[in-house]
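The values are calculated or read from the model by the stated rules, or taken from the named source; none is laboratory data. Just so it is clear, the model here is predicted, and its values are computed rather than measured. Cβ: placed from backbone, ideal geometry, glycine included. Neighbour counts: every protein chain shown. With ligands, DNA and RNA removed, areas are computed over all heavy atoms of the protein, side chains included. Shrake-Rupley method; radii C 1.70, N 1.55, O 1.52, S 1.80 Å.
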Amino acid sequence: MASIDYPLERPEAAPREFSFSESLYKWVATVDHKRLGLMYMVSALVFLVIAGIMASVMRLQLAVPNNHLVGPATFNRLFTMHGTTMVFLVGMPIVAGMANYLVPLMIGARDMAFPRLNAFGFWIFLFGGVLLYYSYLGGSGLSGAGSAPDVGWFAYAPLTEKAFSHGASTDFWALGVLVSGFGSIASAINVIATCVSLRCPGMTLARMPVFVWVMLVDAWLVLVVLPPLSAAQIMLLLDRFLGAHFFDTQFGGSAVLWQHMFWIFGHPEVYILIFPAFGTLSEVIPIFARKPIFGRPAMVGAVVAIGFISLGVWAHHMFAIGMTSWSNTFFAAASMLVGVPTGIKIFNWTATMYGGKIRFAVSMMFCCGFLLQFLVAGLTGIMLAIAPFDWQLHDSYFVVAHFHFTLIGGLVFGVFAGIYYWFPKVTGKMLSETLGKWHFWLFCIGFNLTFIPLHFAGMLGMPRRIYTYAAGRGWESWNTIATIGVFFQIAGIACFAWNVIQSVRSGKAAGDDPWDAWTLEWATTSPPPEYNFEKLPVVRSSRPLWDLKHPQDPDWKYD
Amino acid sequence: MAASAIVPPSPELLESEWKTPDRGKVGITFLILTETSLFTMFVATYLIYIGKSLTGPYPKDVLEIPILATICLLSSSGTIVFAEHALEREELGRFKVWWLATLLLGLIFLAYTGIEWRHLIYVDHLTISTNLFGTTFYSLVGLHASHVIVGAVFLTLVLVVTLRGFPIATQKRRVMFLSWYWHFVDAVWVVVFTVVYIIGR
Amino acid sequence: MAADTHHGEAGERTERTHVILPAPTSWPMVFAFGVTLLFAGMVTQWVVGVVGLIITARAAVGWWRNVIPVEEHEEVPIDPALRPAPIMVEARSVVRLAAGEAGHRVRIPEEIHPYSAGFWGGLAGGAAMAALACLYGLVAQHSIWYPINLLAGTVIPDLGNATVEQLRAFNGLAFFAALVGHVVISVLVGIVYAVMLPMFPKYAPFWAGILVPLIWTGLVATVLNLINPVMVGRINWPWFVVCQLAFGLVGGYVIARSTKIQTMQSWGLAERAFIEAPGLKPPREEDRE
Amino acid sequence: MLALAALAWLQSPTPALTEHRIANIFKPLASPAESEYQIALFSFVITGAIFVAVAGLIIYTMVRFRRRRDDDTRQEPPQVYGSNQIEAAWTVIPILIVFVLIGVTARVVASVENASPPASTVKLTLIGHQWWWEVQYPDFGVVTANEIHVPVSRDGAHTATYLQLESVDVIHSFWVPQLSGKTDLIPNRDNFLWIDPREPGVYLGNCAEYCGTQHANMLLRVIAEERSDFERWAAEQRRPAEQDGQIGEARATFESLSCVNCHTVKGTAAAGKFGPDLTHLMSRQTLGAGVLANTGANLRAWVNDPQQSKPGCFMPSMKLTDRELDQVVAYLQTLK
């Protein structure tokens, strides 16, 4: 291929004005993966704010013993909706949104494999979420008054049976989550077909960015484990609407069956949620450390291993149901094994940084926060996997602290790292680093202030899902500190919101490649044109832009 | 400095044109994977609840082995292959015949299920709320039947548009996906049949 | 690459004015809305469900028309004003690692002991250790089963209350547990040794053979009552240390004796694909710099 | 607030027993909790060591390899792809640790779950209700609620109490942290658990599985006392309610009200099964499964309107007249 000289200056683009209805139609009827990805992310962030407000109210209620800020019914609805929202309406759309926006760009494709299915997936996710929230108007819960579901996000049978949960709120929960689950399935099939079929020439599986690999495994996991939840929800609806007896203990049904099916979904779900953060770190850390990812095959292998092992660990959520000692040992062993590939990932990220020249942009700071906090989450996870220790810790505030370390300290930090990293690509504007640092430090301090104390409350015997507690049981101070932390977190999020608004209005122009990065999404404009690439690129290594930037020392010689 | 990367072509691009698997094939494969996962849960539930019903009627009292229906459904997998072959060779007449045969076999299966359910409900007084057997039987067989219905709807659509003169030969790929789905529904029936009518009895 | 393909470098331009993309359509959204209403009908009013069904059916027809016979497309014009800037060759150089010839991408170390050496070394060390431990059992307790039962106390709770007589007797389950545990740990440690021997500072045999076993013993001593309550009261520390040293020395010796093999990672792609032989290649350009 | 609560506890019938209000899992006072505590320590040692090592490595890397102001910006660092050896090391070493952990876990699981009961064992059945606990001692013919009396286990006389766990409605979970980890009470499934408290005292626990509106106030107390005290208590509890002539009118009022549909008072017309057995109500320390201390004022407030102190619970506000209320409370206070 001959060398081509390009003129360096670009003519100014003439902005085209659209009327409101035109642009509304453009968004509603779009099948463009970037618009859909963006819509996923925006709705996820909106739901994040809603669920965050719910969490804040709960923390206020628990700040002092014998508090009467909200009653038991309200509190139970709050934690049910908080959990359901966070998992299904924040976590899942973040997975779908990041995959949608980034996968085609990273593998040099023009769109997802099934663009219309993609649009369908987004809308049905959104309508499912609306249906769930409609329950605040149309449902009525355990104690009868009209409102949202109050059976917990894992909705253990038989509490969800008609006999114990009157009214329609549990139906809204099952239907809303079921419907939005169709969206996740649609999006997962799309991601897989895209990764497999739409890779640009030369983009072999071995050269695919780690982020894309992670999303591929993630989508596969969604396809395997979401149907068990749907199956359980269909059974629950059959019980409630048609009088079937799947979870009806009066008719010999099993109360434990729901737990099995729920956690066959539920535990891999945790990995589904955390994977986008894994992928983000694997892209961000190399760029800011100026080194390729350390041990690419091991990183990909670890993700695949986590995907497979996670299918065999579900019953570690059920150590307290009285399983045989053999089952307990088996699930304890399987759960601890997950620690091995997870450890490999943490070590490899660290090794990527080792010997580099680390530039602490806000994105990188969130990655470092992730590493340390996720380490804590992983180690408390090992403790929870030890069945006898779990008999004490199960369903206590220790567990609450553990999975918030995973999902906030891990997922949310990872997502923020990703937002600070890819925001310039998506909007063409840079986020402010100063505000970003405020955001990071406030959020990091607040997060640790909230969730470190909760470990201790749990070890002092504080169970989950209680709306109030008596004084004198040693839980007050831990809870008060935790609530104080929430204010720091809110301040951090406010900085972030302000940062986004400021940048979109009057941010510094980003240019195509502000971070001097190496993957294909940085080869096009920011924001990318509808067709992503004029010509589909050809790649020869896992760092195509490195090859172009260092023609005398390209990667493909070694890949 | 201008970009002037002089890059030799990749070895694998030298060999041949870059090829990736067909996106439709990938999509339908993974749709089948996720459906398999769904069916696995219902089948597992059925197996777990075998013999756990507190009251009758029990499977051995009321279930009859649906031999005819099974033969119909399984042979429809063959007829749809013949139809595909005919379409491959652009023999539209034979395609229509085989396609119609597939659809009819599917409909016979559904009709049999309808008759079976009617008998169970009105004669044997087994409904979904009678006992665990009723619960699991109707949900598993019903889930499978609903898949047969979806398949039959698509088969009908293809037949109707073909009869109305639509150039179906342009849609070989999509016809193939439909046939994959149909094969999957048949394969599931083998499992459901074994579990419900053999192990369950 | 064939000349007629329209593929290019990342960010490259074409002569064409349009790119063909799937046409926007609102039917998927309407379809999703209909399906949601259909489900909402189950829990609200049946009318809602019927409306949902109608909308779903209409949207299905719309969607069908959209993709059959061929998927609708639109031509998106390429706006020359919105082209990415060309990707520049970077002036920055890359720091080289000293080790290895072609080597700034080298993975340390260049030569390693094969994993198989670790496997066999671990087994040999484990055998030596077990032999010594059994010898101790024979000398001190007149039973080779004694140390085996002690080891099995890690997993088997009943041994916690066992008498000395019971510990001296053969116990099938305990033997099995101890055997599996000992073999697995020996092999794993052997592999770690094989991997890490080249990374140890000077006098690797000293480190691997003596110091590491001693550190290991110290570690075990601190948590022994948690790991193995059976062993706590009965352990004979000098013998224990001797056994650990036996593992370190024998295992380390077997591994150190193995022929190191070159890791292929310092080779270029062509060499690893056996297009070029590593020994015969001409010196690279950058080596002459 | 704290002082008030403390005062209330002081007035409770068995002030002699120490109350373990802070249910610290690191101060175990029974064998299962002790085993769990041991393995917890072990896991803290291991995970603590890993944390220090790995976090140290991460922080060292962050500090040592940060980009410095005087760095040569015209140089990229060495592009190292990886090292199979180092990666193998940090794969195999965690596997080793996990292997040991699994072995220890297996032993502790078996030692707690498969323990065989010693000869002198008290057996009881604990039945979960929304939101209170029914306690039956089949061997003693005793039925009570929300408070489990067990004999204390001494070195000389090792006594374990075996609990059969059942539920009549939804899933609950037994958790008295200082005595044992959790085991769920699941409808249509029998679970077992054993405890052997080593010190006399009152141990506080909670329902640990979300079971509906008032899950938070489904508290449980285990009262461990000397064998002789336990036997005396059981004998007391076996008796039907006092038949005192003086309270005949109050009793008649009680029996005329719908209380009897849900509650049992042995020896009277009250034989309801839905609520807790009230035969010896005044021997208990709390009301409403631990919501209130069992004092005269609290009892009156509770009977008057339970929804005030335990909103959503299944005992309705009875809307009694003042006179009825006085008599019911007076009657209940005779149930010693």
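Some observations on this one:
- Stretch gain in nm, segment A:F241-A:E17, where the contour uses 0.36 nm per residue and the Cα spacing is subtracted: 75.5 nm
- Surface exposure of chain A, expressed per residue as accessible area with a 1.4 Å probe, stands at 27 Å².
- Mean projection of the Cα convex hull over all viewing directions, computed for the protein assembly as shown: 58.3 nm².
- Values of log10 I(q)/I(0), in the order q = 0.20, 0.23 Å⁻¹, for the range D:245-333 under a Debye, Cα-only, solvent-free model: -0.97, -1.35
- Interface area, D with A, accessible, probe 1.4 Å, both sides summed, Å² nearest 100: 7900
- Each Lys and Arg contributes +1 and each Asp and Glu -1, all at the Cβ; summed about the Cα centre of the range A:31-557, the dipole is approximately 960 debye.
- Taking every alpha-carbon pair in the range A:31-557 and binning the separations at 10 Å intervals from zero gives 4, 18, 30, 28, 14, 5, 1, 0 percent.
- Think of the protein assembly as shown as a dipole: +1 on every Lys or Arg Cβ, -1 on every Asp or Glu Cβ, centred on the Cα centre; then among C:A23, D:Q75, A:T450, D:Q75 lies furthest on the positive end.
- For the range A:345-501: rounded, prolate or oblate by the Cα gyration tensor [a/c cutoff 1.5]: oblate
- Over all directions, the projected convex hull of the C-alpha atoms in the range D:121-238 averages 6.6 nm² in area.
- Spin-label model, C:E75 to C:T222: label points 7 Å out along the Cα-to-beta-carbon direction sit 7.4 nm apart.
- Here A:D513 sits with roughly 50 square angstrom of accessible surface, probe radius 1.4 Å.
- All other residues whose Cβ lies under 14 angstrom from that of D:I58 are scored, Lys and Arg at +1 and Asp and Glu at -1, for a net of +3.
- Under 14 Å, Cβ to Cβ, from B:V158 - net charge with Lys/Arg +1 and Asp/Glu -1: +4
- Comparing B:W189, B:W18, B:W98 in a Gaussian network model of chain B (Cα springs below 10 Å), the most mobile by mean-square fluctuation is B:W18.
- In summary, the convex hull built on the alpha carbon positions of chain D has an orientation-averaged projected area of 25.5 nm².
- Kirkwood analysis of the Cα pair distances in the range C:18-82 returns a hydrodynamic radius of 13.4 Å.
- GNM remark for chain B: springs join alpha carbons under 10 Å apart, and the peak mean-square fluctuation among B:A44, B:A83, B:A187 falls on B:A44.
- Looking at the range D:123-163, none of the chymotrypsin sites (Phe, Trp or Tyr not before Pro) sits in a DSSP loop with at most 16 other Cβ atoms within 10 Å of its own Cβ.
- Rolling a 1.4 Å probe over the heavy atoms of the protein chains gives the range B:16-142 an accessible area of 47 Å² per residue.
- Alpha carbon Rg of the range C:111-262, scaled by the compact-globule rule 2.2 N^0.38 Å: 1.08
- Counting heavy atoms of the protein chains alone, C:M42 has an accessible area of about 90 Å² for a 1.4 Å probe.
- Chain B, Cα convex hull volume normalised per residue, Å³: 198
- Value of [θ]222 nm, deg cm²/dmol, for chain B, DSSP H segments ≥ 4, -39500 (n - 2.57) each, nearest 500: -24000 deg cm²/dmol
- Helical segments meeting 30 Å axial Cα length and Kyte-Doolittle 0.5 threshold in chain A (DSSP H): A:33-62, A:115-138, A:169-197, A:210-242, A:256-289, A:325-353, A:362-385, A:433-459, A:476-506
- Within the range C:121-206, chymotrypsin sites (Phe, Trp or Tyr not before Pro) in DSSP loop having at most 11 other beta-carbon neighbours inside 10 Å: C:F170, C:Y203
- Once C-alpha pairs closer than 8 Å and six or more residues apart are averaged by separation and normalised to the residue number of chain B, the relative contact order reads 31 percent.
- Under DSSP loop assignment and at most 16 Cβ neighbours within 10 Å, longest GluC sites (Glu not before Pro)-free interval of chain D: D:1-225
- Exercise: per-residue mean of other protein chain Cβ atoms within 10 Å, C:190-197: 5
- Most mobile listed residue (D:V108, D:V265, D:V98) in chain D, GNM with C-alpha springs under 10 Å: D:V98
- Listed by chain and number, the lysines placed with their C-alpha closer than 20 angstrom to that of A:K549 are A:K291, A:K357, A:K425, A:K535, A:K557; residues fewer than eight positions away on the same chain are left out.
- Intensity falloff of the range A:159-308 expressed as log10 I(q)/I(0), Debye formula with alpha-carbon point scatterers, at q = 0.09 Å⁻¹: -0.40
- Kyte-Doolittle mean at least -1.0, axial Cα span of 30 Å or more - DSSP H helices of chain D: D:31-64, D:84-113
- Estimated at the nearest 10 Å², the accessible area of A:V31 is 10 Å² with a 1.4 Å probe.
- Loop trypsin sites (Lys or Arg not before Pro), the range A:462-511 (other Cβ atoms within 10 Å of the site Cβ: 15 or fewer; DSSP): A:K508
- As a length-normalised measure over Cα pairs under 8 Å and 6 or more apart, the relative contact order of the range D:245-333 settles at 26 percent.
- Percent accessible area from carbon and sulfur atoms, the range D:245-333, protein chains only, probe 1.4 Å: 55
- Each of B:P57, A:W220, D:M62 was scored by the projection of its Cα onto the charge dipole of the protein assembly as shown, and the greatest displacement toward the positive side belongs to D:M62; charges sit on the C-beta of Lys, Arg, Asp and Glu.
- Charge dipole of chain A about the Cα centre (unit charges at C-beta), most positive-ward option of A:V256, A:Q373, A:N190: A:Q373
- 29 Å Cα-Cα reach of D:K182 towards lysines, excluding residues that sit fewer than 8 places from it in its own chain: A:K162, B:K52, D:K27, D:K123, D:K273, D:K310
- Expressed as a whole percent, the accessible surface of chain B that belongs to carbon and sulfur atoms is 70, based on a 1.4 Å probe.
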